[in-house]
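Written out below as structure tokens is the structure these notes cover.
The values are calculated or read from the model by the stated rules, or taken from the named source; none is laboratory data. All values derive from a computational prediction rather than experimental measurement. Here the Cβ is made from the backbone with ideal geometry for all residues, glycine too, and neighbour counts use every protein chain on show. SASA here: full protein model, heavy atoms, side chains in, ligands and nucleic acids out. Shrake-Rupley method; radii C 1.70, N 1.55, O 1.52, S 1.80 Å.
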Amino acid sequence: MTKVTTERRPPAPTPSRQRAAQQALMVFMGLPIFVLLVTATDDPQGLFGTQDVLTLPVAALLSLQALGGLHLWLGPVTRQRPAALWLRLALSLLPVPLLAVMWGLAWHLATLGLLVVLVQAFYLARSPALDAAETLRPWRRDQAESPASLAPRFGLVWRLAAGVGVLVVLVSGHGIARTPLAWSAVRVYVGLAVLISLRYEIADLVLTGHRRLTWALGLLLALSLAVGLHPDGRPALLPLLGLRQAVAALALWHHYGGAGALWRRLTRNPAGLLCLSFALVIVVGALVLDLPAAASPAGPAIGVVDALFTATSALCVTGLVVVDTGAAFSTFGQIVILTLIQIGGLGVMTISIFVALLLGRDTGLESESALGAMLGEDRTRAVRRLVWFIVGTTVVTEALGALVLVAGFWQEGMTPSRGLYYGIFHAVSAFCNAGFALFPDSFVSRDRRLLFPLVLSLLIALGGLGFSVLHVAGRRLRPQRRRRGVPWPLHTRLVLAGSTLLWLGGMACFCITERHGVLAGRPLPEALTHAWFLSVTARTAGFNTVDMTALHPATDLILRGLMVIGAGPGSTAGGIKVTTAAVLVLIVLARLKGRAHGTILGRRLDDLTALNAVSVATLALALVALASVLLLLTQPLGAELTPAMLNFEVISAFGTVGLSTGATPHLNTFGKAVVIVLMFVGRVGPLTLLVSMRPRRRSPVQYPVANVMVG
């Protein structure tokens, strides 16, 4: 009789105790943040009580959450029943009613508390299978481990560094820690975050040979402690520790290979990289502009929505404002806006590659290819020269424009420092086609000084042509190039011809439509200058030297058309672009002549080019129509908000122009959100945004051709 042996299956992998300890630690680290939020909510007669004590209900809820974290840490790790998971999840959701009460007192604190609850619920409800799949072996010196096996450690350091960053914004920026209890919670969180980070830095950086980085982190920690020991330097202790933790998190991220993997993934999708970089900078800019230091003491209070609106308008070089930039923001806030304008004008990718080239680092073919796709340069080897040209042209042009504007401001009687500051600000704003001005009426009160519209229009025109066009024009204008008879590229010729036609055509139309309007009674040179300036600024920037509400309806209609068209591709402007409008005109002319393809200068337009032009124009009209309908349905119409004014603001936002009839400050929160989305889409381009979201895999199926009657 043979003995039948059955093979026993190996036991299921057990979750790592170290992983469970990390999850429990994240739960415990949420408790000091809750204490800080509760103490920042002043409710003497309510549930939260005064700011210096914790009421019994709040203490009970925090204790129950602590019990959930303790159960996660000390509970059985081999087998966890589903009931225990549900119990821990219920414990993590207990503060939700508390946050609902807090919402009526301080909605921004309640929102942050809700994020903390979601993070805690995520960790308390983790399943054993998921934990087992991410088991982390204990680190041992005699055992070599790859960066991939150490990657889970970075998650803990990164989350704690993000929490320290939030505390820096709340405590140092908004000053919500007003009691000893609140400061104790801050010290507990930051101290534990630093100690945990040091543990992994010693294990993964010091013992692996990263001595320079280790010394830098050690010096930052020593500097923070030295500053904190001095009575006058204590306010800077928390920001320095936040900076130190951010550097540590980035160092560990780079050590684990996360930075390289993310960069390689993004550079394969230039459209997604463009959208993501702009979105991240907008969020950071909004957080900085929301700080009390960015607001003027004598100006109105700046809320979160207004800060986000201003950051989006500045980075997307639009110029629409909900508050007076010169009065509502302090000098620090204005410098932040100017920095966002410069970043938006050059582009995040351009600045990143320029810094790498400046430091002598290799940028890589993928990075250069991604930037070339954004700038319209197919040759990878020419991207580096184009980056140097972009930065050099920007600096030289803005410097020359600033010198002329400074001379004009000094002639008005401004002090040397104030005139220099105003000249630099408006020169950068003009060349980047942002349209931000430090005067409440833009340049309307200086309409008799023709120096300002002439200089500003020249800066706007150069910035609106596009860096690739300026690069080609600069090379073709060299004497040796002219002698060789090298032809100009078709794209450059099309942008220059189309822009000149729109500038001069708009100027002629405005001279006719406003001869009895805002240009009436002015000398001929002054009238021509203002008509020229209005034609130039309508396509790209947002400065104005005449009252926009006093324009003739025909002028208003022409302005809308110019704002939709915009400037050249690869420039700092929005709209559908001059080349798109030119391609649409060529397609229509070809159909009128009975041709299947549009032609220009002996060349036939590619089918894909025609399809892209039609797609961009269709998406633009659809977005403008949808946004106009949304604003008409949600905004209180009246004398300050008419349907025509709302449509004008929508077109100005999509074209990133910035011209306004005065309706933007009167929009409600939903209306501002619609305009924010429009400015973002107008800057990155509607087709670019859709391309960034499309799946990478394309269907290999080709369908039969179908004929549809149109027209």
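In region 410-441, what residues are touching a His at 6+ places or on another chain (Cβ under 9 Å) and surrounded by 24 or more Cβ atoms within 10 Å (Cβ to Cβ)?
Those that are touching a His at 6+ places or on another chain (Cβ under 9 Å) and surrounded by 24 or more Cβ atoms within 10 Å (Cβ to Cβ): Phe436, Ala437.
I'd like to verify a number: residues in region 419-448 that are of a type in the set (Phe, Trp, Tyr) and in contact with a Leu (Cβ under 7 Å, 6 or more places away or on another chain), how many?
Matching residues across region 419-448 total 3.
Going through Ala617, Ala582, Ala573, Ala610 one at a time, which residue ends up being within 25 Å of Leu465 (Cβ to Cβ), crowded, with 21+ Cβ neighbours inside 10 Å and touching a residue at least 12 places away in the same chain (Cβ under 8 Å)?
Exactly one residue qualifies, and that residue is Ala573.
I need the full set of residues from region 586-602 which are exposed (fewer than 13 other Cβ atoms within 10 Å of the Cβ) and under 38 Å from the mean Cα position of the chain (by Cα), in order please.
The one that is exposed (fewer than 13 other Cβ atoms within 10 Å of the Cβ) and under 38 Å from the mean Cα position of the chain (by Cα): Val588.
Give me the residue from region 652-672 that is of a type in the set (Val, Ile, Thr) and more than 12 Å from Gly575 (Cβ to Cβ) and, out of that set, most open to solvent (accessible area, probe 1.4 Å).
Selected residue: Thr669.
Checking the conditions here, which among Thr318, Thr310 is under 18 Å from the mean Cα position of the chain (by Cα), closer than 20 Å to His108 by Cβ and modelled with pLDDT of 85 or more?
It is Thr310.
Restricting to helices (runs of 4 or more DSSP H) lying wholly in region 592-711: which have 3 or more residues that are under 30 Å from Val317 (Cβ atoms) and at pLDDT 85 or above?
It comes to 607-634, 643-654, 669-684.
For the list (1) modelled with pLDDT under 70; (2) in contact with a Gly (Cβ under 8 Å, 6 or more places away or on another chain), I need the number of the one condition that Pro95 fails.
Failing condition for Pro95: (1).
Can you confirm whether Gly191 is loosely packed, with under 13 Cβ neighbours inside 10 Å, assigned to a helix (DSSP H, G or I) and modelled with pLDDT of 75 or more?
When the stated conditions are applied, Gly191 passes them.
Could you list, in sequence order, all residues of region 521-549 that are touching a Gly at 6+ places or on another chain (Cβ under 7 Å) and farther than 30 Å from Val391 by Cα?
Correct list: Thr549 only.
List the helices (runs of 4 or more DSSP H) inside region 302-346, counting only whole elements, that have at least 1 residues being under 25 Å from Gly466 (Cα atoms).
The helices (runs of 4 or more DSSP H) meeting that bar are 304-315, 331-346.
Of everything in region 540-575, what is of a type in the set (D, E, K, R) and either over 20 Å from Val650 (Cβ atoms) or part of a loop (DSSP other than H, G, I, E, B) (or both)? Give them in sequence order.
Asp547
In region 411-477, which helices (runs of 4 or more DSSP H) lie fully inside it and hold 1 or more residues that are more than 25 Å from the chain's Cα centre (by Cα) and free of Cβ contacts under 8 Å to residues at least 12 places away in the same chain?
416-431, 467-476
For region 515-532, enumerate the residues that are assigned to a helix (DSSP H, G or I), free of Cβ contacts under 8 Å to residues at least 24 places away in the same chain and either touching a helix residue (DSSP H, G or I) at 6+ places or on another chain (Cβ under 9 Å) or open to solvent by less than 30 Å² (accessible area, probe 1.4 Å) (or both).
Scanning region 515-532 gives Ala527, Leu528.
Looking at Ser127, is it modelled with pLDDT under 80, of a type in the set (Ser, Thr, Tyr) and under 29 Å from the mean Cα position of the chain (by Cα)?
no
Looking only at residues that are small (Gly, Ala, Ser), open to solvent by less than 40 Å² (accessible area, probe 1.4 Å) and at pLDDT 75 or above in region 38-67, which one is farthest from Ala177 (Cα to Cα)?
Per the criteria, the residue is Ala66.
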